[in-house]
Each structure stands twice: as C-alpha cells, then as structure tokens.
Amino acid sequence: MSAIAELSKSGTGLPACHSGSPPPPKTVDRGGGGGGGRASRRASITGLFVLFAAVTMFFAALTSAMVVRRGLSDDWVSTALPGVLWFNTALLLASSAALEAGHRKLKSGDRSRFNLYWTAGSILGACFLGGQYFAWSELNARGVYVFTNPSSSFFYVLTIAHAVHLVGGILALLYVGVQALRLRIGPAVRTPVEVASYYWHFMDGLWIYLMLLLFVWG
C-alpha cells in the first residue's frame, strides 16, 4: 500500500486517464473536388456524360437535317470553306494538347507547370473562337450569308452552335484556372480539372467531325 501511495505522489507508474472523446479521424480528399470525395466525382463524371449524350443528339439531328435537305433539293450550292478554318483546327488541337499536359502535371504534383499549360490551353481556345469570327467575316466579304443558300445556312448553324458550346468550355477553363491560383485545386482535388478537360476534348473531337462533314457534304 505504501508503494502505491508513493507512486501516486510521484505521478509515475500508473498511466494517466484522459477525459473527453478521442480526436476525430482525419479525412482524406481523394479527388472529389471540394470535399465531396469519390461520390462527388462519380456524380460529376456521370453528369458530364449525360451532357455529352445530349450534345451528340443535338448535332446528330442537325447532321440528319443537312443530309436530307441536300438530297431533296436542287438548289444546293456547296460553300467553299474559309482557309482560316484549318488554322483554327490546329489551334484547337494545340489547346487540347496543352490542357492534357497540364492535367498530367497536376497529377504529378507540379502546380507551376499545370498553371502554365492550363493558361496556354485556355488562351489557344480563346484564339480559336477569334479565328471562327474571322471565318464568318471572310464568308460575309464573299457575299455568302446565312440565307444565301442551304449549304451556307448549315455552315453557319453548325459552326455557331459549336462556338456557343465552346464558350461554355472557355468559362469552365477560366474557373479552373482561377481556383488553381487560389490553391483550391491540387493533386488530391482535381475533379474540376478532369471535367473541364474532358469536355474540351469532346468539343475538339466534335469540331473534327464537323470539319469532315462540311468538307464532304457542305
């Protein structure tokens, strides 16, 4: 008994008991983009693919209307594509490549290179839209307007519809760029980067399809 009393006075020997609940476990963000975790990432990717399906059906309807209109009419006059469209295509491909390079740099933890590539890709994408304006201006200078003939009508409708969808992509790229500079996006939180880059790649592929369609059927 005396030994126990001595241990109690010296504060050694017996482990101290701590009151209160244990500290909560640390949470790990696995790329959910803002703390949503894997479920949030799955929801974002699922929503993106639903959007892809809707856009695909929209342009498929326009394609069908174009093919039918050309086959049933005798007033179809093919529209010569402005030469700047090929340069614009190269810009869009370069933009997509820069964004993909930035995405990979972010996955490896290189924030500075990510910011560099992402900014370059966003600028190239904006230049593509500017180039599209020059293409429309070139047609106007040649006297080819929306209602000049069915071919020119479909050219304007298809290219403007694509440009409108691309504006949404530019806004997404700018949002990601700003969030990255504010350190709200990083190697462990990159779902917004994936969503924006996947959307941009889809718009890239869609433009290649439109170029082939207009070159062959326009």
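Worth a mention:
- Each residue of the stretch 100-107 is assigned a 3J(HN,Hα), and the resulting list reads 5, 4, x, 4, 5, 5, 5, 4 Hz, derived from the Karplus form 6.51 cos²θ - 1.76 cosθ + 1.60 (θ = phi - 60°), x at Gly and Pro.
- Diffusion coefficient of the stretch 94-185 by Stokes-Einstein, Kirkwood radius over Cα pairs, 4 °C, 1.567 mPa s: 88 µm²/s.
- Distance cut-off 18 Å, percentage of C-alpha pairs in the stretch 166-218 lying past it: 44 percent
- Restriction of the trypsin sites (Lys or Arg not before Pro) in the stretch 98-177 to DSSP coil positions whose beta-carbon has at most 13 other beta-carbons within 10 angstrom yields 142.
- Using θ = phi - 60° and Karplus 6.51 cos²θ - 1.76 cosθ + 1.60, couplings along the stretch 197-212 (whole Hz; Gly, Pro as x): 5, 5, 4, 5, 4, 5, 5, 4, x, 4, 5, 4, 4, 5, 4, 5
- Vicinal HN-Hα couplings computed from phi for the stretch 156-162 (Karplus, 6.51 cos²θ - 1.76 cosθ + 1.60; Hz; Gly/Pro x): 5, 4, 5, 6, 5, 4, 5
All of the numbers you see were taken from the coordinates with simple rules; none came from a lab. Bear in mind that the values here come from a model prediction, so they are computed numbers and not experimental data. With ideal geometry, Cβ positions are generated from the backbone for all residues, glycine too; neighbour counts draw on all protein chains shown.
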